[in-house]
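Visitor: Quick one: the structure is below, questions incoming.
The values are calculated or read from the model by the stated rules, or taken from the named source; none is laboratory data. What you are looking at is a predicted structure, and each value in this text was computed from that prediction instead of being measured. A quick note on method: Cβ atoms are made from the backbone with ideal geometry, for glycine too, and the neighbour counts reach across all protein chains shown. Quick note on the areas: whole protein, heavy atoms, side chains included, nothing else; ligands and nucleic acids left out. Shrake-Rupley method; radii C 1.70, N 1.55, O 1.52, S 1.80 Å.
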Amino acid sequence: GSHEWIAPTATDARSPCPGLNTLANHGYLPRDGRNISVPMILDAALEGFNVDPDGLIVAAKFGLLSGNAPTTLDLDALVLHSLIEHDASISRGDFALGDNLHFNETIFTTLMNANPGADNYNTTSAGQVMHDRLAISLATNPSITNTPKEFALRTIESALYLSVMGNPLTGIAPKEFVQIFFREERMPIEEGWTRPTTSITRASLNALGAVIIANANWTATQECEALVLGP
Ligand code: HEM
Ligand code: MG
């Protein structure tokens, strides 16, 4: 099909995930955002962003638990709090504070203003953004959940925006591309972005994640049970 960017209509389902929404807005996923299987997600992420299935399969399988259909999900169901959706997001508000689904320019200010004086974001700035967003949530949301589970998700998400909008090996991503990805859920092709030529894998995401973690200066405010995510 055609992969031009088309804004979602009022009845199209969209998620709290800028990655999946961008894939739907470009027709790599169904534009209506509904009845999406795990293989459809893995194929779309590979085709659109060169993300290897090994980096997404756990998240995609988890996503199936957002609804009752046995093998598919709708993007809007991914708003389900504490399945994947968590507090202290980069571009959405906390669940207990109202809207945890839609892009929020005020919330996004922290990332927008990160790495001042440079025209790129990187693993250092991404870790600082995670720290600063969490500090704001801790100060404003008495119901915040902040366990190792949320931190692990937030870390991989930060590695993902740096990788899909920038260089998956260095974690350096042009600010303009990252901002268009979050604000418009669009691939910034007219602005010069191209699909990463380096495969984005679980290993590459974890390598960026290690530096992001080192700069996030994180501590848990709650504990969680051990997560078993595969054999
Ligand atoms: C959040 C990127 C795949 C579900 C996010 C965020 C980013 C991102 C950057 C953070 C948004 C924020 O903090 O405001 C991507 C990319 C993907 C991808 C680039 C693939 C190319 C997936 C998959 C699933 C998923 C496979 C599950 C089916 C979610 C959910 C959130 C999220 C539920 C909301 C978490 C939150 O911020 O509360 N994603 N993602 N994503 N992603 Fe994805
Ligand atoms: Mg959230």
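Visitor: Please go through region 58-82 and pick out each residue that is of a type in the set (Val, Ile, Thr) and more than 8 Å from ligand 1 (Cβ to nearest atom). Give the steps one after another, and end with the answer.
Guide: In the first step, residues of region 58-82 are kept if they are of a type in the set (Val, Ile, Thr); the result is 58, 71-72, 79.
Val58, Thr71, Thr72 - these are the residues of region 58-82 that are of a type in the set (Val, Ile, Thr) and more than 8 Å from ligand 1 (Cβ to nearest atom).
Visitor: Which of (1) in contact with an Asp or Glu (Cβ under 7 Å, 6 or more places away or on another chain); (2) over 22 Å from Ser91 (Cβ atoms) is the odd one out, the single condition Lys175 does not satisfy?
Guide: Here Lys175 clears every test but (2).
Visitor: Filtering region 192-231 down to residues that are more than 26 Å from Asp132 (Cβ to Cβ) and aliphatic (A, V, I, L, M), which residue is modelled with the highest pLDDT?
Guide: Ala203
Visitor: Asn50 passes all but one of (1) open to solvent by less than 50 Å² (accessible area, probe 1.4 Å); (2) without any contact (Cβ under 8 Å) to a residue 40 or more places away in the chain; (3) over 23 Å from Ser89 (Cβ atoms); which number fails?
Guide: Every condition holds for Asn50 apart from (2).
Visitor: Let me ask something else. Residue under question is Gly127, and the condition is that it be in a helix (DSSP H, G or I), within 21 Å of Glu150 (Cα to Cα) and not hydroxyl-bearing (Ser, Thr, Tyr); does it hold?
Guide: Values: in a helix (DSSP H, G or I): yes; within 21 Å of Glu150 (Cα to Cα): yes; not hydroxyl-bearing (Ser, Thr, Tyr): yes.
Taking the combined requirement at face value, the residue satisfies it.
Visitor: What's the number of the only condition in (1) within 9 Å of ligand 2 (Cβ to nearest atom); (2) touching a residue at least 60 places away in the same chain (Cβ under 8 Å); (3) surrounded by fewer than 16 Cβ atoms within 10 Å (Cβ to Cβ) that Ser89 fails to meet?
Guide: Exception for Ser89: condition (3).
Visitor: Note down all Cβ pairs under 6 Å where the first residue falls in region 179-190 and is under 13 Å from Phe49 (Cα atoms), the second is open to solvent by 80 Å² or more (accessible area, probe 1.4 Å), and they're at least six residues apart or on different chains.
Guide: Matching pairs, first to second residue: Arg186/Trp5.
Visitor: A follow-up question, please. Please determine, by comparing only the residues of region 94-133 that are within 14 Å of ligand 2 (Cβ to nearest atom) and closer than 20 Å to Gln222 by Cα, which one is surrounded by the most Cβ atoms within 10 Å (Cβ to Cβ).
Guide: Ranking the candidates gives Met130 first.
Visitor: Scan region 28-44 and give yes if some residue there is open to solvent by less than 20 Å² (accessible area, probe 1.4 Å), within 27 Å of Leu134 (Cβ to Cβ) and within 15 Å of the chain's Cα centre (by Cα), otherwise no.
Guide: no
Visitor: If you don't mind, there's one more thing I want to ask. I need the full set of residues from region 83-110 which are within 18 Å of Met130 (Cβ to Cβ), more than 9 Å from ligand 1 (Cβ to nearest atom) and among the small types (Gly, Ala, Ser), in order please.
Guide: Answer for region 83-110, where residues must be within 18 Å of Met130 (Cβ to Cβ), more than 9 Å from ligand 1 (Cβ to nearest atom) and among the small types (Gly, Ala, Ser): just Gly93.
Visitor: Out of region 8-17, which residues are within 16 Å of ligand 2 (Cβ to nearest atom), out of contact with any Gly (no Cβ under 6 Å at 6 or more places or on another chain) and open to solvent by 20 Å² or more (accessible area, probe 1.4 Å)? Working first, answer last.
Guide: Going through region 8-17, the residues within 16 Å of ligand 2 (Cβ to nearest atom) turn out to be 14-17.
Narrowing further to those that are out of contact with any Gly (no Cβ under 6 Å at 6 or more places or on another chain): 15-17.
Scanning region 8-17 gives Pro16, Cys17.
Visitor: Right, next: Which of the residues belonging to region 134-155 are part of a loop (DSSP other than H, G, I, E, B) and surrounded by fewer than 17 Cβ atoms within 10 Å (Cβ to Cβ)? Quick ask: steps written out before the conclusion?
Guide: Of the residues in region 134-155, the ones part of a loop (DSSP other than H, G, I, E, B) are 141-147.
Hits for region 134-155 are Pro142, Ser143, Thr147.
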